[in-house]
Amino acid sequence: MTEYSPISRPRNPNNHEDFREEFPNLCNTLSQCPGRCCSKQALKSRLPILEWLPKYNTSTLFCDIVAGISVGLTVIPQGIAYGIVAGLPPQYGLYSSFMGCFVYTIFGSCKDVSIGPTAIMSLMIYPFVAKYGLDFAILANFLCGCIILLLGALNLGFLIQFISSPTIIAFTAAASIIIGSSQVKPLLGIKSGSGSEFVQVWKNVFTHLHEIRYTDTILGLFSLVLLLLMKKPKCFSRWPLFSKYLSLSRNAIVVIIGIITAYVFYLNGQEPFRLTGEIKKGLPDVVIPPFSTNLNGTDYNFLQMSEVYGLSLITIPLVSILEIIAISKAFSKGKVIDATQQMVALGLCNIASCFFQSVPVTGSFTRTAVNHNSGVKTTFGGVITGIIVLLALGLLTGTFYFIPKTTLAAVVIAAMISMIETHEMAEIYRTKKMDIIPFIVTFGMSLWLGLEYGIVAGVVANMLLILYMTSRPEIDYEVVKINDMDVLVVNFDQSLNYLSAEYFKTSVERVVITEFSNVQHVFINGMSINYTIDVTVVKNLVALVEDLKVCKKNVYFWNWRKDAFNLVIRFKRELYDLFKFGSSLEVILMQEIKRNEEQQPLAEVTTDS
């Protein structure tokens, strides 16, 4: 039998002050907020650049330049590819790749994170681009940034905790499969058909198999195999530094090979591959986000444009936050991540970039891994990456004409393969099989209905699972022998609330009456009970005592915590004597038997009179 330390209780059951409920002093809390918000530490937490800039030196600068160039060589081909995934001209992927880097340098709190367009964001914005055009993509970026910034300003970073790990893993896996599937057409050189849904994409592929261009297919598969081989080039294991930078620059190398191949054929008067084509030269125009637009002769005002997004107005910011928080945690190396600050930084990145005709941006896992492996020291590496992108827009757009679309498709597919975490899926099933339910719901709904419905369905499934488990606490019954008497101790593994109150009452009654009919004394161990009990629980406890009293069972509440104890007494003061505190059941039981014996003669005399 486990022993517990005694818990004190108020001495006088008639003193209402002993059981009063204390509320937090909101006036003191609010009066201290301005001082905390304006303190030096608070300023550094909201402007992380103030933390590392005074200690910046040439050695750190060199590391940031190397990392920034490495990420820049990755973001250029990826940006072009993600612009196409979003259904936009390829230059818009590059327009989305520089401003976020500059803003995150000032407000970002994780040195490794690289901000820019991602495959998931591009895929989620594609339906609006395909149906309504560019203006809706840019406004989505602005609204996404405002929502994220508002959540950060209200210190609501804790909301991310409502999305479980199985839900995130399933969402990422489904998104990777959908994005990878969407690139099968350009990989095979198929031109006809459109759509972003998983089923629709594959239906289009099989419907247009006769359009396969074998030259595109061969170059695409060659590029994909080369990318996967260069991810961990074992043949250069003797030269680890060369092997490292070969892996980091693999996207740029494959794209350069594709450009050279296409250009050689072009010089010989041949064009065997579908090419990216002309990319608008120069920097994007600085424009105000479109708060109204005209589409096919129909005018849309701001409210009408906002209504078009529907549920996506919630899911796009949510997924954007999820990506950056998950990436930050993955590369933090045990450092505590300030989710609120990451949300503030991400919101500002989206708002600033929308003035440069950008689609929604967030943290990129692939580019963050490149940044980390390149030895970045501060967020200043993002400035170098942004400069590389601007140089590419100003000087290299003519070269981008010759990038084969099949090569860009291979770049996207290779990035998506690395995002499918099969080992994580196996660990979920091995660790707790019940968690596979929200995983399957999220994965299936994302593939069948779309990513925005999948993430919502996963959250709902997870909450329903938690509510069910909360409403069914594990109850343990232990019989203790004390002076030839059987005493039943009822233990349970979680707190009680209105969800589990009725189940707890009926379960205890059924077991006590049917399985332990010979037991007269029942002790309900309240060590796991805290203040989360409510009036529903209290009413069920009172009913439990009364029902078992009819069956000649004595119920006692043993070692309940002070807050829960006070709550019960405030509801019904007559239960005061049923609460017992102490580590020895034998002492408590003997005292109670003696007290009952002393009261018994008095009751008999009263009855005779």
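The values are calculated or read from the model by the stated rules, or taken from the named source; none is laboratory data. If you're wondering where the values come from, they're calculated on a predicted model, not measured in any experiment. Because the Cβ atoms are built from the backbone with ideal geometry, glycine has one as well, and the counts that use them run over all protein chains shown. Areas reflect the complete protein model, heavy atoms only, side chains present, ligands, DNA and RNA absent. Shrake-Rupley method; radii C 1.70, N 1.55, O 1.52, S 1.80 Å.
What the table below lists for this structure:
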quantity	calculated
Spin-label pair Glu546/Arg238, simplified geometry with 7 Å Cα→Cβ offset, distance in nm	8.8
Karplus-derived HN-Hα couplings along the stretch 371-383 (A = 6.51, B = -1.76, C = 1.60, θ = phi - 60°), whole Hz, x at Gly and Pro	4, 5, 5, 7, x, 4, 10, 9, 6, 5, x, x, 5
Accessible-area order (highest first, 1.4 angstrom probe) of the listed residues Val587, Val480	Val587, Val480
Relative contact order of the chain, pairs being alpha-carbon contacts under 8 Å that are 6 or more residues apart, as %	24
Highest to lowest packing among 172-178, 539-545, scored as the average C-beta count within 10 Å	172-178, 539-545
Leu391/Ser517 FRET efficiency (R0 51 Å; Cβ-Cβ; nearest 0.05)	0.05
Carbon + sulfur, % of accessible area of the stretch 206-262 - ligands and nucleic acids excluded, 1.4 Å	74
Surface accessible to a 1.4 Å probe, per residue, for the residues of the stretch 106-168, Å²	35
Stretch gain in nm, segment Val535-Leu246, where the contour uses 0.36 nm per residue and the Cα spacing is subtracted	97.5 nm
Fraction of accessible area attributable to carbon and sulfur, the stretch 395-475 (%, probe 1.4 Å)	68
Alpha-carbon radius of gyration plus Dmax, which is the widest Cα pair, for the stretch 87-166 in Å	14.5, 38
Total formal charge among the other residues, if their Cβ is under 13 angstrom from that of Ser165, Lys/Arg +1 and Asp/Glu -1	-2
Average accessible surface area per residue within the stretch 502-557, 1.4 Å rolling probe, Å²	45
Cα-based shape type of the stretch 459-609, given that a ≥ b ≥ c are square roots of the gyration tensor eigenvalues and the cut on a/c is 1.5	prolate
Simple label model, 7 Å out from Cα along Cβ direction - Glu427 to Asn294, nm	5.6
Sorted peptide list for 355-362, 289-296, criterion being average Cβ within 10 angstrom, highest first	355-362, 289-296
Angle between the chain longest axis and helix 405-419 axis [Cα atoms, degrees, rounded to 10]	20
With Cα atoms, 0 to 90° folded angle of helix 58-85 axis to the chain main axis	80
Radius, Kirkwood style, for the chain when every pair of distinct Cα atoms is counted (Å)	28.5
DSSP-defined antiparallel bridges as percent of all bridges, the chain, nearest 5	55
Average accessible area per residue (Å²) across the stretch 263-317 - probe 1.4 Å, nucleic acids and ligands excluded	65
Using alpha-carbon coordinates, inclination of helix 119-132 to the longest axis of the chain, degrees	70
Where labels lie 7 Å past Cα in the beta-carbon direction, separation of Leu50 and Gln200 in nm	4.9
Distant-in-sequence amide H partners of Gln357 (H built 1.01 Å from N, under 5 Å)	Val287
Highest average packing first - 484-492, 403-411, Cβ atoms within 10 Å	403-411, 484-492
Charge context of Thr276, other residues only, Cβ under 13 angstrom, K/R +1, D/E -1	0
Convex hull (Cα only) mean projected area of the stretch 165-259, reported in nm² to one decimal	8.2
FRET efficiency for Asp493 and Leu449, using Cβ-Cβ distance with R0 set to 30 Å, rounded to 0.05	0.25
Cβ-placed point charges (K, R +1; D, E -1), dipole of the chain about Cα centre in debye, nearest 20	2420
The chain - mean residue ellipticity at 222 nm from DSSP helices (-39,500 (n - 2.57) per run, n ≥ 4, rounded to 500)	-19500 deg cm²/dmol
For Phe579, residues with placed amide H under 5 Å, excluding near neighbours	Phe557
